[in-house]
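Structure record follows, encoded as structure tokens.
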Amino acid sequence: MHILVVEDQAKIASNIREFLELQHYVVTVCHNGTEGYEVAITQGIDLIVLDINLPGMDGMEVCRMLRENKKNMPILMLTARAKQQEIVHGLNIGADDYLTKPFDLQELLARVRALLRRHAEERSPVLSAGGVTLDSEKREVRKGKKTIDLSPKEFGLLEFLLQHKGRVQERPRIIEHVWGGRDDLLFSQTVDVHIAYLRRKLGKDIIETVPGKGYVIPDA
């Protein structure tokens, strides 16, 4: 799952990012609303943690524009102000939940999980292929009856390929979704190395290489 954090306070943003990455989420951080909006509409974002008081474009405007452009990912808004009128306004323009600063990271995680679970109600959180099962809700991977220990990036890569089973995924799209679109990785071997790690842990046949294109988990 790819989470976008739009927060102008660097320390708060860093703490959220580090905490969510420990929970095996892929996290992209933006420090102003304009940049956050651009990332939200161009990348595969599953949930947004969105501060209200932002430079460039405030959180309310970001939320409104995303909903006007038919972007329906869950939005969890953060604010240092807990005025009822502001909360109602945020919910009315499309926010899904509200968290007032200061907040506990465990509460943030609980709300993130609840929003993702609600958003995925129409689809099973369990993905599988080739005897491998991934539970997005439990953050667990099993091969047969054995639990497989994956790093956060390995988990995110496997989850992404399983979500698009049967469709070849090119390296730039994988980097966009799993590594948050880091341009410095486009010409590196990062994706190939992590594919090799997954094959070593899950079996050589789980992921196929399509020469000149990318990788795919066969839909069979």
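The values are calculated or read from the model by the stated rules, or taken from the named source; none is laboratory data. Please read all numbers here as calculations on a predicted model, not as lab measurements. Please note: Cβ atoms are built from the backbone with ideal geometry, for glycine as well, and neighbour counts cover all protein chains shown.
Brief remarks follow.
- Residue in the range 82-91 that is within 19 Å of the chain's Cα centre (by Cα), assigned by TED's automatic domain parsing to the domain that holds Ala13, surrounded by fewer than 17 Cβ atoms within 10 Å (Cβ to Cβ) and modelled with pLDDT under 90 present: no
Conditions (1) in contact with a Gly (Cβ under 7 Å, 6 or more places away or on another chain); (2) surrounded by fewer than 18 Cβ atoms within 10 Å (Cβ to Cβ), marked per residue:
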| position | (1), (2) |
| --- | --- |
| Val6 | yes, no |
| Thr28 | yes, no |
| Thr34 | yes, yes |
| Asn69 | no, yes |
| Thr100 | no, yes |
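- Filtered by the rule that a residue be hydrophobic (A, V, I, L, M, F, W, C) and farther than 18 Å from Val178 by Cα, the range 1-59 gives Ala10, Ile12, Ala13, Leu50, Ile52, Leu54, Met57.
- Qualifying residue in the range 45-52 (condition: outside the structural domain of His164 (by TED's automatic domain parsing) and either at positive phi or surrounded by fewer than 19 Cβ atoms within 10 Å (Cβ to Cβ) (or both)): no
- Unmet criterion (only one of (1) modelled with pLDDT under 95; (2) buried (at least 19 other Cβ atoms within 10 Å of the Cβ); (3) touching a Leu at 6+ places or on another chain (Cβ under 8 Å); (4) not in a strand (DSSP E or B)) for Leu127: (4)
- Considering the conditions (1) surrounded by fewer than 19 Cβ atoms within 10 Å (Cβ to Cβ); (2) among the hydrophobic types (A, V, I, L, M, F, W, C); (3) under 20 Å from Thr28 (Cα atoms); (4) touching a Leu at 6+ places or on another chain (Cβ under 8 Å), Ala110 is excluded by exactly one of them, (4).
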